[in-house]
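Engineer: Here it is, the structure, as structure tokens.
The values are calculated or read from the model by the stated rules, or taken from the named source; none is laboratory data. Note that the coordinates shown come from a computational prediction; the quantities given were computed from them, not determined experimentally. Here the Cβ positions follow ideal geometry from the backbone for every residue, glycine too, while neighbour counts run over all protein chains shown. The area values use the complete protein model at the heavy-atom level, side chains included, leaving out ligands, DNA and RNA. Shrake-Rupley method; radii C 1.70, N 1.55, O 1.52, S 1.80 Å.
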Amino acid sequence: MNPLTRLVFPALRWHARTGFRPERAKIEQTLALGVGGYILFGGTADAARGVIHDIRAAAPHPLLFGADLERGAAQQFHDLTHLPPPAALGFLKRPELTARCGQITAREARSVGVNWVYAPDADLDIEPDNPIIQTRSFGDDPAAVGAQVTAWVRAAEAAGFSAGVFAPGWDTGPTNIITNHTALAPDFQADPA
């Protein structure tokens, strides 16, 4: 097994009619390769909890399960708590509300088995032509964004969740986007044998 495969986190996408069932073959193949975890997109809390439980039971080593949850767990798992986008929280300039969102997100992420939340987004919304950041950011002022991010992370950690800051680096503009999703990806071929 190539040790670099532990750095790979395939996406698992939920479908309204079939749930995570279409992902089963991918899960079996990638577990055999030794991936480090999965990123979940969509579904219900029960569906996410179920697929995570099944994968953990089949996994030969501990895994991370991540999800984009900048707007709370309902951003992916529609029957959980819907929270305002970071831009709205930043506009209010009330870090105590942001802290409450971090706490709720941490509690609900843990409840479904997600142990790596891609939130909060620490990007600055400084490029008006960039369609990616916008409401995902707490704003364009570094100090204000830092206060909001700090409030979110501290509250999540107080709720028993080790929070990490999500800074994809998309704030460089529509023509100069180099992100950690592409620029830092290793170029290797996994040997399934």
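Engineer: Looking only at residues that are at pLDDT below 95 and within 23 Å of GLY36 (Cβ to Cβ) in the range 111-129, which one is surrounded by the most Cβ atoms within 10 Å (Cβ to Cβ)?
Structural biologist: That would be PRO120.
Engineer: Being modelled with pLDDT of 95 or more, touching a His at 6+ places or on another chain (Cβ under 8 Å) and surrounded by 19 or more Cβ atoms within 10 Å (Cβ to Cβ) narrows it down to one of GLY43, GLY37, so name that one.
Structural biologist: It is GLY43.
Engineer: Continuing with this model, one more query. Scanning for something in contact with a Lys or Arg (Cβ under 6 Å, 6 or more places away or on another chain), at pLDDT 95 or above and open to solvent by less than 30 Å² (accessible area, probe 1.4 Å), does the range 89-104 turn up at least one residue?
Structural biologist: Within the range 89-104, not a single residue is in contact with a Lys or Arg (Cβ under 6 Å, 6 or more places away or on another chain), at pLDDT 95 or above and open to solvent by less than 30 Å² (accessible area, probe 1.4 Å).
Engineer: Another question, then. So, ALA32, is that one small (Gly, Ala, Ser) and closer than 12 Å to VAL112 by Cβ or not?
Structural biologist: When the stated conditions are applied, ALA32 does not pass them.
Engineer: Within the set of pairs 6 or more residues apart or between chains, which connect a residue that is open to solvent by 20 Å² or more (accessible area, probe 1.4 Å) inside the range 49-65 to a residue that is aromatic (Phe, Trp, Tyr) and outside any strand (DSSP E or B) with Cβ atoms less than 8 Å apart?
Structural biologist: GLY50/PHE20; LEU64/PHE9
Engineer: Any idea how many residues of the range 1-25 are open to solvent by 70 Å² or more (accessible area, probe 1.4 Å), under 17 Å from ARG56 (Cβ atoms) and either of a type in the set (Ser, Thr, Tyr) or modelled with pLDDT of 95 or more (or both)?
Structural biologist: Number of matching residues: 1.
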